[in-house]
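Only one structure is covered here, and it is reproduced in the block below.
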Amino acid sequence: MATNSHGPKLHVGCGDKRLEGWVNIDNQDLPGVDMVADVTGGLDFKNCEAVYAEHFLEHLAIDDALSFMEESHRVLADGGVLRLSTPNLDWVWKTHYYLGAEADLKTQMAIHLNRAFHGWEHQFLWNREILAQALTACGFEDLRWHRWGESERPLFQKLERHETYEDDDELPHVLIVEATKGRSRRGELKELRAVIQRDFLNHMKG
């Protein structure tokens, strides 16, 4: 299905990284922000061509992240595309911790690994498998994985602005995925939410 090229393009969690031609949305009134909004309360749009969020998903609690993906699916036009960029849990694990390290280095590694998880107000780090499952459950299809700044679609080329780290040849430091709006899969989403509630959220209540 072709994307609705006349619909709005939403840049969610833009911070001060404004993209021309996009509706730049953030929960803070920063320079370049077009709309100040807490998107966990929903997106007041419809028939959008695209939704883009860079280094945003990891700042949401996982249940809010699922709601954001579901809401992105709702506001997109048929054939509309969501592009997400978020830190890669596999890369963090591989580059931040090594069981065979010397004791003094492991002390530093412990600090850096916990910083990756909890620093910068991170709420949840994603690996490719759970991100793919979440997107599919939220009704997306045709998932395409890309490197920083790359895309087969001109609309998404060279959009990334966040600082970069050194990629492993086979393991990028960020997960960048484009997913096309497909049919709703409410049953799959309900099952995924139940698993997350049982195995994660129930243990976060203290």
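Enumerate the amide H contacts of Phe56 below 5 Å, restricted to partners 5 or more residues apart or on another chain; note that Pro and chain-start residues carry no placed amide H.
Amide H neighbours of Phe56, under 5 Å, 5+ apart: Ser85.
Student exercise: in the chain, how many lysine pairs 8 or more apart or on different chains have Cα atoms under 18 Å apart? Show your work: numbers first, answer last.
Numbers: Lys9/Lys17; Lys9/Lys46; Lys9/Lys158; Lys9/Lys181; Lys17/Lys158; Lys46/Lys181; Lys94/Lys106.
Counting lysine pairs in the chain gives 7.
Over segment 17-60, what is the relative contact order in whole percent, taking alpha-carbon pairs under 8 Å and six or more residues apart? Write out the running numbers ahead of the final one.
Details: 27 pairs, mean separation 10.2, N = 44.
Answer for segment 17-60 is 23 percent.
When you take every Cα atom in segment 92-206, what is the radius of gyration, and what is Dmax, the widest Cα pair distance, in Å?
Every Cα atom of segment 92-206 included, Rg and Dmax give 17.4, 52 Å.
Of the heavy-atom accessible surface of the chain (probe 1.4 angstrom), what whole percent is carbon and sulfur? Please report the intermediate quantities before stating the final value.
On the way: 5550 of 11370 Å².
Roughly 49 percent of what the probe reaches on the chain is carbon or sulfur.
Sorted from largest down, give the three principal axis spans of the alpha carbons of segment 5-80, whole angstrom values.
Per principal axis, max minus min of the Cα coordinates gives 31, 30, 18 Å.
Let me know the shape class of the chain, please: from the alpha-carbon gyration tensor, a ≥ b ≥ c as square roots of the eigenvalues, rounded when a/c is under 1.5, otherwise prolate if a/b is greater than b/c, or oblate.
Numbers: a/c = 1.68, a/b = 1.43, b/c = 1.18.
Prolate.
Which value, in Å², gives the accessible area per residue of the chain when a 1.4 Å probe is used on the protein heavy atoms? Numbers along the way, then the final one.
Numbers: 11370 Å² over 206 residues.
So the chain comes to 55 Å² accessible per residue, rounded to a whole number.
What's the FRET efficiency of Lys94 with Val36 using the Cβ-Cβ distance as r and R₀ = 41 Å, to the nearest 0.05? If you can, show how the numbers build up before the last one.
Values: r = 38 Å, r/R0 = 0.92.
It comes to 0.65.
Residue by residue through segment 33-47, which ³J(HN,Hα) values in whole Hz follow from phi under the Karplus form 6.51 cos²θ - 1.76 cosθ + 1.60 (θ = phi - 60°), with glycine and proline marked x?
7, 8, 9, 8, 7, 8, 6, 5, x, x, 10, 8, 9, 8, 6
Once every DSSP H run of n ≥ 4 in the chain is given -39500 (n - 2.57) and the sum is divided by its residues, what mean residue ellipticity at 222 nm do you get, rounded to the nearest 500 deg cm²/dmol? List each step's numbers first, then the result.
On the way: 5 runs with 62 residues, N = 206.
The helix contribution divided over the chain gives -9500 deg cm²/dmol.
Order Glu49, Glu20, Glu178 by their accessible area, 1.4 angstrom probe, all chains in place, largest first. Write out the running numbers ahead of the final one.
Working: Glu49 25, Glu20 140, Glu178 0 Å².
Ranked list, largest accessible area first: Glu20, Glu49, Glu178.
Take peptides 117-128, 73-84 and line them up by average Cβ neighbours within 10 Å, highest first, as a rough protection proxy.
Details: 117-128: 14.6, 73-84: 21.3.
Averaged packing, sorted descending, gives the order 73-84, 117-128.
Please determine, in degrees from 0 to 90 and to the nearest 10, the orientation of helix 62-75 with respect to the longest principal axis defined by the Cα atoms of the chain, where the helix direction is its Cα long axis.
Orientation of helix 62-75: about 20 degrees from the principal axis.
The values are calculated or read from the model by the stated rules, or taken from the named source; none is laboratory data. Predicted, not measured: the structure shown is a model, and the values here were computed from it. Note that we place each Cβ from the backbone using ideal geometry, even for glycine, and neighbour counts take in every protein chain shown. SASA here: full protein model, heavy atoms, side chains in, ligands and nucleic acids out. Shrake-Rupley method; radii C 1.70, N 1.55, O 1.52, S 1.80 Å.
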